[in-house]
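K.L.:
Can you keep this structure in mind? I'll have questions shortly.
The values are calculated or read from the model by the stated rules, or taken from the named source; none is laboratory data. Just so it is clear, the model here is predicted, and its values are computed rather than measured. We place every Cβ from the backbone using ideal geometry, glycine too, and count neighbours over all the protein chains shown. Ligands, DNA and RNA are excluded from the accessible area calculation, which covers all protein heavy atoms including side chains. Shrake-Rupley method; radii C 1.70, N 1.55, O 1.52, S 1.80 Å.
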Amino acid sequence: MPAPDVIVTAPLPPFLYDPLRADYRCHDYYQSSHKPGLLAAEGQKIRGLVQGGGTVTPTDLLDQLPKLEIISVFGVGYDGVPVDYCRRRGLKVTNTPDVLTDDVADVAVGLVLMTGRGFAKAERFVRSGEWEKKGPELTTKLGGRTAGILGLGRIGKAIGQRLEAMGMKIAYTGRKAQPGVHYRYVPDLKALAAESDFLIVACPGGPATKHLVNADVLSALGKKGTIVNIARGSIIDEPALVQALQDGTIGGAGLDVFADEPHVPKPLLAMDNVVLLPHVGSATNETRKAMGDLCKANLDAWFAGRPLLTLIPELA
Ligand code: NAP
């Protein structure tokens, strides 16, 4: 059997790309300087597509891959995949859940500590030599404060466990109450924001959640509140967030994700009450390797006729 043809639409690390190249005829669409030529020459043969979690895959591209069978996402978020289109065409879509949950939850906790206890600011205070002149500012105790989690899924639950261990109170919202959890369910996002000291965004991106956190929600969060986002930039109305920070409507923000990465709204760069990370939720060697292994294992399973490991729920 000849190796199946696979198109790659995102930059991949060597620990995923090298094993893929060993077992598949890989076509690097991401790096290609002549994408239409690549599609004209190889499009008819392509049976698999590998993309990143943040990659947007247009249906125009998929239309040019008539033999495509499977999209394997290197990431848990698949908001860049046109799921309804895939369902209509009978395409399989897989992702890499679970293996990254702990690392992403750690980043959320890091952002709570960096904003809430002012660690990012305190670190700048030492480096700038200010400590030689005066003592550091006092901040607010985290124990006893409320973390409201938007999206109590795998990552949201792992965030809850960690913050609960720090003595924080946990409440959450989502489309429904989650079975088997003791955290309080608040059906309305604005109501959750109103009672939260930290509003932590952990739901999927995509059209259903676009700008769910809008000016009204930020206003309900108020001066006492900090927004933390480790999910997707699209979930927060970013201009409304910048405005809310500029006019003091909310207390601060800790952000790992942005609407137009790697571009960060300029006003945020100058704000002392904002902590910015470059989308590092799953960025450890161990987790990225596990994600790569799972991404390839799904392709391997499909082309060997074995059950897929992580078919996305909408297509299950
Ligand atoms: P998950 O297990 O599917 O959890 C998602 C949660 O969001 C579920 O509790 C779900 O509950 C809720 N939800 C879904 N649609 C919603 C909606 N329209 N409104 C409100 N809540 C909704 O996913 P996960 O593994 O925890 O990952 C969550 C997200 O984190 C991913 O989709 C990805 O975008 C992001 N992520 C970011 C990084 C990073 O590097 N920063 C890394 C990995 C993942 P209901 O279905 O009950 O509503």
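K.L.:
Condition check: surrounded by fewer than 22 Cβ atoms within 10 Å (Cβ to Cβ), touching a residue at least 12 places away in the same chain (Cβ under 8 Å) and more than 28 Å from Asn273 (Cβ to Cβ). Does Tyr85 satisfy that?
P.N.:
Yes.
K.L.:
Taking Leu91 as the residue in question, decide whether it is within 22 Å of the chain's Cα centre (by Cα), open to solvent by less than 20 Å² (accessible area, probe 1.4 Å) and among the aliphatic types (A, V, I, L, M).
P.N.:
Values: within 22 Å of the chain's Cα centre (by Cα): no; open to solvent by less than 20 Å² (accessible area, probe 1.4 Å): yes; among the aliphatic types (A, V, I, L, M): yes.
Spelling it out, it is not the case that Leu91 is within 22 Å of the chain's Cα centre (by Cα), open to solvent by less than 20 Å² (accessible area, probe 1.4 Å) and among the aliphatic types (A, V, I, L, M).
K.L.:
If I filter the stretch 275-285 down to residues being touching a residue at least 40 places away in the same chain (Cβ under 8 Å) and either in contact with a His (Cβ under 6 Å, 6 or more places away or on another chain) or more than 8 Å from the ligand (Cβ to nearest atom) (or both), which single residue comes out as least open to solvent (accessible area, probe 1.4 Å)? Show your work before the answer.
P.N.:
Of the residues in the stretch 275-285, the ones touching a residue at least 40 places away in the same chain (Cβ under 8 Å) are 275, 277, 279-284.
Retained after the next criterion (residues that are either in contact with a His (Cβ under 6 Å, 6 or more places away or on another chain) or more than 8 Å from the ligand (Cβ to nearest atom) (or both)): 275, 277, 284.
Numbers: Val275: 11, Leu277: 40, Thr284: 48 Å².
If we take residues in the stretch 275-285 being touching a residue at least 40 places away in the same chain (Cβ under 8 Å) and either in contact with a His (Cβ under 6 Å, 6 or more places away or on another chain) or more than 8 Å from the ligand (Cβ to nearest atom) (or both), then Val275 is least open to solvent (accessible area, probe 1.4 Å).
K.L.:
Report the residue count in the stretch 299-316 for those that are within 16 Å of the ligand (Cβ to nearest atom) and part of a helix (DSSP H, G or I).
P.N.:
Step one: filter the stretch 299-316 for residues within 16 Å of the ligand (Cβ to nearest atom), giving 309-316.
Now drop any that are not part of a helix (DSSP H, G or I), which leaves 313-315.
The total comes to 3.
K.L.:
Mind telling me which of the residues Val107, Val99 ends up being within 12 Å of the ligand (Cβ to nearest atom), open to solvent by 30 Å² or more (accessible area, probe 1.4 Å) and touching a Leu at 6+ places or on another chain (Cβ under 9 Å)? Walk me through how you get there before you give the answer.
P.N.:
Working: Val107 fails: open to solvent by 30 Å² or more (accessible area, probe 1.4 Å).
One residue alone meets the criteria, Val99.
K.L.:
Also: Could you run through the stretch 197-234 and say how many residues are more than 15 Å from the ligand (Cβ to nearest atom) and hydroxyl-bearing (Ser, Thr, Tyr)?
P.N.:
Our first condition is that a residue be more than 15 Å from the ligand (Cβ to nearest atom); within the stretch 197-234, this holds for 197-198, 215-216, 218-226.
If we keep only those that are hydroxyl-bearing (Ser, Thr, Tyr) as well, we get 219, 226.
Counting residues in the stretch 197-234 that are more than 15 Å from the ligand (Cβ to nearest atom) and hydroxyl-bearing (Ser, Thr, Tyr) gives 2.
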